[in-house]
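Data first, discussion second: the structure below is written as structure tokens.
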Amino acid sequence: MFSSDELCSLRWDPVSKGVEVIDQTFLPHALRWCRLDSLSAFCRAISTMQVRGAPLIGITAAFGLANAIAEDASSENLLNASAALLATRPTAVNLRWALDQITRAVQSLEPSQRALVALKKALALREEDIVKCERIGANGLQLLSALNKDRLNIMTHCNAGWLATVQWGTALAPIYKAHAEGMAVHVWVSETRPRNQGTNLTAWELHRAGVPFTIVTDNSCGQLIRQGNVDCVIVGSDRTAANGDVCNKVGTYLKALAARASDIPFYVALPESTIDRTCVSGEHITIEERNQSEVLSIGGLDIAGNYREVKLADAHSKAINPAFDVTPACLVASLITEHGNFDASEKGLQQLGAIGSDGH
Ligand code: MRU
């Protein structure tokens, strides 16, 4: 399904020598590509969530730093541009990982050599992301097959599909593999308030791939699980701590609790670059606090097809808007990675580290 370069979230045009991304703020109503050609455009794309999802944030930042180096290859600019990109969003650790990858590749070089090496490294990271996600899909497929169901009902949260990576996705990769193998799968897509990545992005992706799905409100997920309508839950991760605690889109924790109460597996799919070995447990992860306006109002198309934002609450209401939550490792049945499937524990992550290649 991903044999062509057309179906991807970020592309490099070798002719115009520029980066283009799908502007995800227009989905599902319009598919628009947006060109990123300055440090401020890259920073804006990440902070305003034109691109989002931990792996894609990392790849975008890598190209952003390569772009900044092409404009000014001095060590001072390398440091400043990296700091500006790092400040765009706080939770997904792939951002820091990708910036480190570019910095390590160029910092010992003469400034005149840096631009080409940085671009080559960004392009390599993009290609590697595709390979890693395809492997996550294959490894996750083994777990899905082992559930041995005639028809598999899988619940997911937020968007951890190809829009959140370059191609394939993390949590959706095993689902795409299962569908391609002819397995009967159906996906419960939780809407993911307040930004509705489930409704806006995951449903859009699944429809395009021909995978059967149903959108459900976030609040109905516990009941669906308790009633036996879900065989497993698969989500992605924005940062996984050294003890296996998983930070992902807010609402993930409640699904993990419901899955445990009904004794169904709760899987987390992630590339090794999402593991933060410097972080001992989920308690130490910085949770992004977003603007309350995302909770107090909502955007969509009106009957005439025009985009409108409407207020939900009265003017006196206040809200808080934490974008992520932490699921303790003990609720995670398995971490699905490009290197295989591992226990969500310090030991499991050490085993992964022993065969991993990301060097952190
Ligand atoms: O705020 P977002 O949309 O960037 O959050 C994305 C998620 O939480 C994803 O589930 C996570 O990044 C894993 S993506 C492969």
### Query
Between exposed GluC sites (Glu not before Pro) in the chain, where DSSP calls loop and at most 11 other Cβ atoms lie within 10 Å, what's the longest gap?
182-360
#### Entry: Amide H contacts under 5 Å for VAL216, placed H, 5+ residues apart
VAL189, SER190, GLU191
### Task
For n ≥ 4 DSSP H runs only, could you compute -39500 (n - 2.57) per run for the chain, divide by its residues and tell me the 222 nm figure to the nearest 500?
-11500 deg cm²/dmol
### Task
Search the structure for amide H atoms under 5 Å from the amide H of GLY18, placed 1.01 Å from N in the peptide plane, and list their residues when 5 or more places away or on another chain.
ASP13
## Note on the structure
The summed charge of the PRO194 Cβ neighbourhood (under 15 Å; Lys/Arg +1, Asp/Glu -1) stands at 0
### Summary
Here the chain gives, from Cα atoms, an Rg and Dmax in Å of 19.8, 63
### Message
What are the ³J(HN,Hα) couplings of segment 131-137, residue after residue, when phi is run through the Karplus curve with 6.51, -1.76, 1.60 and θ = phi - 60°? Round to Hz, x for glycine and proline.
### Response
5, 4, 5, 5, 5, 4, x
### Query
Once the piece of chain linking SER297 and ASN219 is laid out straight, how much longer is it, given 0.36 nm per residue of separation minus the C-alpha distance between them?
26.2 nm
### Accessible area in the full protein assembly, largest first, 1.4 Å probe, for SER38, SER145
SER145, SER38
### Query
Which of the lysines could be linked to LYS121 by a straight reach, that is with a Cα gap under 24 Å, when you skip same-chain ones fewer than 8 residues away?
LYS17, LYS132
### Message
Probe radius 1.4 Å, ligands and nucleic acids ignored: give me the carbon and sulfur share of the accessible area of the chain as a rounded percent.
### Response
51
### Message
Can you work out the Karplus-derived ³J(HN,Hα) for every residue in segment 81-88? Use 6.51 cos²θ - 1.76 cosθ + 1.60 with θ = phi - 60°, whole Hz, and x for glycine or proline.
### Response
5, 5, 5, 5, 5, 5, 7, 5
### Query
Cα-based Rg (one decimal) and Dmax (whole number) for segment 222-308, in Å?
16.9, 51
### Accessible surface, 1.4 Å probe, highest first, among residues VAL131, VAL280, VAL230, VAL250
VAL280, VAL131, VAL250, VAL230
### Whether segment 1-46 is rounded, prolate or oblate, judged on the alpha carbon gyration tensor where a/c under 1.5 counts as rounded
oblate
### Message
Going by Cα centres, segment 273-331 and segment 23-100 are how many Å apart?
### Response
20
### Query
Which value, in Å², gives the accessible area per residue of segment 135-355 when a 1.4 Å probe is used on the protein heavy atoms?
42
#### Entry: Per principal axis, descending, Cα span of segment 5-91 in whole Å
41, 34, 18
### Task
Could you pull out the trypsin sites (Lys or Arg not before Pro) across segment 86-143 that fall in loop regions by DSSP (anything but H, G, I, E, B) with no more than 15 other Cβ atoms inside 10 Å?
none
### Query
Which ³J(HN,Hα) values, rounded to whole Hz and listed in residue order, are derived for segment 231-243 from phi using the Karplus coefficients 6.51, -1.76 and 1.60 in 6.51 cos²θ - 1.76 cosθ + 1.60 with θ = phi - 60°, glycine and proline given as x?
8, 6, 10, 10, 10, x, 8, 9, 7, 10, 7, 5, 8
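The values are calculated or read from the model by the stated rules, or taken from the named source; none is laboratory data. The shown structure was predicted, so the numbers you read here are calculated from the model rather than taken from an experiment. When we count neighbours, we look across all protein chains shown, and the Cβ atoms used for this are built from the backbone with ideal geometry, even at glycine. Only protein heavy atoms, including side chains, enter the accessible area calculation; ligands, DNA and RNA are left aside. Shrake-Rupley method; radii C 1.70, N 1.55, O 1.52, S 1.80 Å.
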